[in-house]
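Encoded as structure tokens, the structure appears first; notes follow it.
The values are calculated or read from the model by the stated rules, or taken from the named source; none is laboratory data. Since this is a predicted model, take the numbers as computed values, not measurements. Note that we place each Cβ from the backbone using ideal geometry, even for glycine, and neighbour counts take in every protein chain shown.
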Amino acid sequence: MTGGPDLSAPQVVTITSDADVVRVRQLVRTVAVAVKLSLVDQTKLVTAASELARNTLVYGGGGGAEVGLVDSGRRKGVRIAFSDDGPGISDLDLALTDGYTSGGGLGLGLGGARRLVDEFEIDTGAGRGTRITITKWARSV
């Protein structure tokens with residue numbers, strides 16, 4: 001054993017501080033390498049995860065990220081689910097608009113994070129928190 005995380009089951013990171021955002025990035029990078037994402041795809045996924053982890057902390061008041069391997073039978077990938085019990089996103093269309101930011105993040109916003117991954121699902125509403133699930137698939141060779 002290398003002493004790294006057990007990737008056979010999803011890993012959960014509680015997000016309550018900047019240090020936790022860093023832990024999410026590191027775990028996502030580890031899992032992305034394990035499923036053999038290209039360096040470009042690793043960077044895209046880590047960037048999206050970093051933005052969403054920061055949003056979970058800043059706008060959701062903290063929450064969690066669950067990072068795991070997925071296998072479609074044809075290819076492997078990384079799936080990350082971010083969740084918080086914050087105020088939710090009252091205007092999702094606006095939040096997904098290119099260039100929209102409420103400040104403090106990487107400047108990507110939700111729309112930028114969505115473009116960096118292969119699958120992006122969001123469940124939110126005013127007063128009920130937010131859950132965002134993203135997936136990045138390894139390219140077939």
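Among the residues of region 125-141, the one identified as of a type in the set (K, R), within 14 Å of G77 (Cβ to Cβ) and in a strand (DSSP E or B) is K136.
Evaluate region 73-86: report whether one residue or more is under 18 Å from G129 (Cβ atoms) and modelled with pLDDT under 95. Spell out the reasoning first.
To start, the set of residues in region 73-86 that are under 18 Å from G129 (Cβ atoms) comprises 80-86.
Next cut, modelled with pLDDT under 95 only: 85-86.
Yes, that holds for at least one residue.
Can you find, within region 46-99, the residue that is surrounded by the fewest Cβ atoms within 10 Å (Cβ to Cβ) among those that are under 19 Å from R29 (Cβ atoms) and among the acidic types (D, E)? Result: E66.
Pick out the one residue from I15, I89 that is of a type in the set (V, I, T), at pLDDT below 95 and under 20 Å from E121 (Cα atoms). Before the answer, list the steps.
Details: I15 fails: at pLDDT below 95.
Unique residue meeting the criteria: I89.
Picking from residues in region 28-43 that are touching a residue at least 24 places away in the same chain (Cβ under 8 Å) and surrounded by fewer than 19 Cβ atoms within 10 Å (Cβ to Cβ), the one that is nearest to the chain's Cα centre (by Cα) is T30.
Regarding A9, is this residue among the hydrophobic types (A, V, I, L, M, F, W, C) and part of a loop (DSSP other than H, G, I, E, B)? I'd like the intermediate steps shown before the answer.
Working: among the hydrophobic types (A, V, I, L, M, F, W, C): yes; part of a loop (DSSP other than H, G, I, E, B): yes.
So A9 passes the test.
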